[in-house]
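What follows is a single structure, written as structure tokens, with notes after it.
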Amino acid sequence: MEKLSLNGQWSLWRIDQPDDIITARVPGCVHTDLLDAGRIPDPYFRDNETRLQWISAVDWLYERRFEVPPDLLRRERVLLRCHGLDTIAALSLNGVEIARTDNMYRTWEFDVKAHLRAGENTIRVHFSAPVPYVEKMDAERGAMPGWVQPMRINSGGWIRKEPCNFGWDWGPVLVTSGIWRDIEIVAFDSARLSDVRIEQFHSGSGRVTLTVSGGVEALHPVALHAEVRVSLDGQPVAEAAAPVGEGRFSADLTIASPRLWWTNGLGDQPLYDVSVTLSAGAAPDGAPINVWARRVGLRVLKLERHLDEWGESFSFSINGAPFFAKGANWIPADPFAARVSPALYRRLLDDARRANMNMLRVWGGGIYESDLFYDLCDEYGIAVWQDFMFACGVYPSYDAAFMANVRAEAEDNVRRLRHHACLALWCGNNEIEQGMEGSGWKYTISWEVYGALFDKLLPEVVAALDPQRAYWPSSAHSPHGDREDHMNPKWGDSHLWSVWHGRQPFEWYHTRTDRFVSEFGFQSFPPPKTIDSFTLPEDRNITSYVMEHHQRSAIGNSAIVDYLLSWFRLPGSFESLVWLSQILQGLAMQYAVEGWRRNMPQSMGALYWQLNDCWPGPTWSGIDYQGRWKALHYMARRFFAPLLISGVEDASAGRFDIHITSDHLSALEGAARWRILTPAGDLLGTGIQPVTIKPLCSEKIASVDVADLLREYTPRGVLVLLELGVGGETVSENLVLFSRPKHIALAKPTLTPTFHAADGGLTVALQTDQPALFVWLEMDGVDVRLSDNFFHLLPGQTRIITLEGVTDAERAERALRLRSLVDTYGESE
């Protein structure tokens, strides 16, 4: 097989301005090409986004001239393969229209041999303006209801395009057009592999049999065979050969001593290389024609649904071991998908791994992610809950052409992704079922019409092409009883937004015993350095026009301030408010996650909204658009830790309970310790409880009576530090408070840093003379990755923080800023 890439430099112009030509890069989009040409300003700065809406209202034309060698045209079949066209496009070669496309998620192939010539050729792709297109379809065919203004400008129901392009309550309105993935000429003779599937069968004896099967597209009758080889770390493990008959082949390979793939925190992630070589003839020594190669992890990753004492379970298991799903929701990392570099994918997914996450949900309002995304999840042991790309509105599933288009889209992406070890679940959509009743969408699209897509077409595709994975129709979804009861804690998955949208207190989370919570969240502002990148000094007030423009949640800033004043004192500056919003966000997610981890095995998953950002602004993310960790991500590293100690306070009963949660596969011996102090650091009591930490469970190990202390010192005057020790090392810490932090009389601590050289960087050892809550480090003028941040520090403790990539101790000491909760108080600034 021969390939000729058409990636690289193209020309681009508005269809109504053919003399105004700019250079374009493919893969890419019109917005990024205009940016690179200096034709538009940074859409993220201040409110520039509002002045760029014309881009999606006009047609654009991409053109490229390319050379075709004569040998390529001697091939029997020559195809144009487009891996991503966004979205309504007409393609022509040498002045002849060859195709029209209408789905950005599909891989398109067209036979172009008759249209190509040896030497120079010209390809054009004409993209129709997407916003007028959807408005025209709404007017002619009937608007598809969904959550639109003020969240987005159109529901996108009539176009198979990234929904959040039209805006969302955390991102901009930047509706793109362009060749967003690779484009190439593919030529071959005789035959090619058209479809390869790998199925795994794990025996009780420990052996794994791989059944590798596939289709062959033969141009004429010819004897063919397929050779399958499996290797690990370059060493052959198994091989087999099979003849091709009636356009199909199938081969079984047995791996006698397999190394199993595990999710992050439970084991390693060995990946086997599997290759299929299609060769001419009936014997293995035939000439190779086509090769298909992928990496696979040997594992059994299952959705477990069983009747139990609480209703029906909803959990995942890996190689027979149940695990609590710890993670977040993933959104597109940029409105311009081609701008997401391999380095950015690797950094964000490694950040998820480092925060002890073992699952990400690829949310249904974005894109089916790049191959690299899933490759990295394979490497890092991050299981993927994969939505199909339907979200927050209904779709015309009564329309035959629409359904045929969606079937092809689903088949393309299931075939592309099904070999990945990380892939845990296919899910039909995001939040449509809750809108069917709550927003009345069922009066436009009936449950029967809805079911044609999500209960019939999509599960049929999954069953046919990926039968070893589960399909789930919607998130959230209640599989029993009233389907419109999408928050039933007895079964299914839930999206819990009563904290935030419903203004319930954080303690509300502890009233919920849902089986699996696939969305919940709380907003914060990004760090000041990030805010500086899209504002001028006069904008840096949360009520300024620019700050409110970047806030896309209708209740956003008011909700942050409302909750903040419930927990903390009024901050004394804009910068303090920004940092305090992050502490508040982390505290909200800590309340939720620790409660559900304590509730395992009844509750078995917590995926907060959201991991990452697509632009700079106040959102629910734990990592901002510029890659900076917010307080939430540091705190997630602790509340998602494999071993967790947590406390539940009850001031009215005069006690606190201590819980130990373990994700480990085997039992461990440890000790729970606690220190009870005043806000001034005076020791009021200590305790220790030896404990056998049971595997894969959570248990209350002690209840400590502090009624007398609370009467003497009041709930405002008692702090409890919890520590879990295993093997002589403190593996988890936590803090128990009996009142809101705003009512605790904390003194301003003196935080003392001591720098030491370490491999590839520096460490700083921190000590304090007073209890210091939510201590955080920042480096003026330096972006530095820290091993920990936003932690509590008590007198007598030493906290050692690694500063990655920083080697100059003198510079680090000058740049270091140390702060804690009391530094946000107005009276201290």
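So the values come out like this:
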{"item": "Under 27 Å from Lys161, Cα to Cα: lysines that are on another chain or at least 8 residues apart", "result": "Lys136, Lys442, Lys456"}
{"item": "Inverse of mean 1/r across different Cα pairs in segment 161-209, Kirkwood, Å", "result": "16.7"}
{"item": "Over segment 302-447: Kirkwood hydrodynamic radius from C-alpha pairwise inverse distances, Å", "result": "17.0"}
{"item": "Stretch gain in nm, segment Asp350-Arg740, where the contour uses 0.36 nm per residue and the Cα spacing is subtracted", "result": "137.0 nm"}
{"item": "Amide H contacts of Ile800 (H built 1.01 Å from N, under 5 Å, at least 5 apart or other chain)", "result": "Leu766"}
{"item": "Rounded accessible area per residue of the chain, 1.4 Å, Å²", "result": "36"}
{"item": "Isotropic mean projected area of the C-alpha convex hull, the chain (nm²)", "result": "37.0"}
{"item": "Dimensions (Å) - segment 576-703, Cα atoms, principal axes, largest first", "result": "47, 41, 25"}
{"item": "Segment 612-635 versus segment 637-716: alpha-carbon centroid distance in Å", "result": "30"}
{"item": "For the chain, Cys with no neighbouring Cys Cβ under 4.7 Å", "result": "Cys29, Cys82, Cys164, Cys392, Cys427, Cys614, Cys697"}
{"item": "Crossing angle, helix 400-417 versus the chain [Cα axis fit, 0-90 degrees, rounded to tens]", "result": "70"}
{"item": "For segment 393-435, alpha-carbon Rg relative to the globular expectation (2.2 N^0.38 Å, N residues)", "result": "1.39"}
{"item": "Relative contact order of the chain, pairs being alpha-carbon contacts under 8 Å that are 6 or more residues apart, as %", "result": "9"}
{"item": "Rounded to 10°, Cα long-axis angle of helix 130-141 versus longest principal axis of the chain", "result": "80"}
{"item": "Solvent-accessible area, 1.4 Å probe, carbon plus sulfur percent, for the chain", "result": "49"}
{"item": "Acute angle (nearest 10 degrees) that the helix 574-598 long axis makes with the longest principal axis of the chain, alpha-carbon atoms", "result": "80"}
{"item": "DSSP-defined antiparallel bridges as percent of all bridges, the chain, nearest 5", "result": "85"}
{"item": "Packing-based order for 520-533, 15-28, using average beta carbon neighbours within 10 Å, highest first", "result": "520-533, 15-28"}
{"item": "Principal axis dimensions, segment 265-322 - Cα atoms, whole angstrom, descending", "result": "60, 24, 14"}
{"item": "Distance between segment 108-126 and segment 376-454 - C-alpha centres, whole angstrom", "result": "34"}
{"item": "Under 22 Å from Lys529, Cα to Cα: lysines that are on another chain or at least 8 residues apart", "result": "Lys630"}
{"item": "Rg/Rh (Cα only; Kirkwood hydrodynamic radius) as it applies to segment 508-548", "result": "1.27"}
{"item": "Normalised per residue, the volume of the convex hull around the Cα set of segment 409-519 (Å³)", "result": "126"}
{"item": "Cα-based Rg of segment 73-169 normalised by 2.2 N^0.38 Å, two decimals", "result": "1.37"}
{"item": "In Hz, Karplus ³J(HN,Hα) per residue of segment 193-199 (6.51, -1.76, 1.60; θ = phi - 60°; x = Gly, Pro)", "result": "6, 9, 6, 10, 10, 10, 10"}
{"item": "Rotationally averaged projected area of segment 14-130 (alpha carbon convex hull; nm²)", "result": "8.1"}
{"item": "Paired Rg and Dmax values of segment 171-310, which use every Cα atom, in angstrom", "result": "19.5, 61"}
{"item": "Protection proxy ranking of 301-314, 233-246, 594-607 - average other beta-carbon atoms within 10 Å, highest first", "result": "594-607, 301-314, 233-246"}
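The values are calculated or read from the model by the stated rules, or taken from the named source; none is laboratory data. Given the structure is predicted, the values throughout are model-derived calculations rather than measurements. For neighbour counting, all protein chains shown are included, and Cβ atoms are generated from backbone atoms with ideal geometry for every residue, glycine included. Surface accessibility is based on the protein's heavy atoms, side chains included, excluding ligands, DNA and RNA. Shrake-Rupley method; radii C 1.70, N 1.55, O 1.52, S 1.80 Å.
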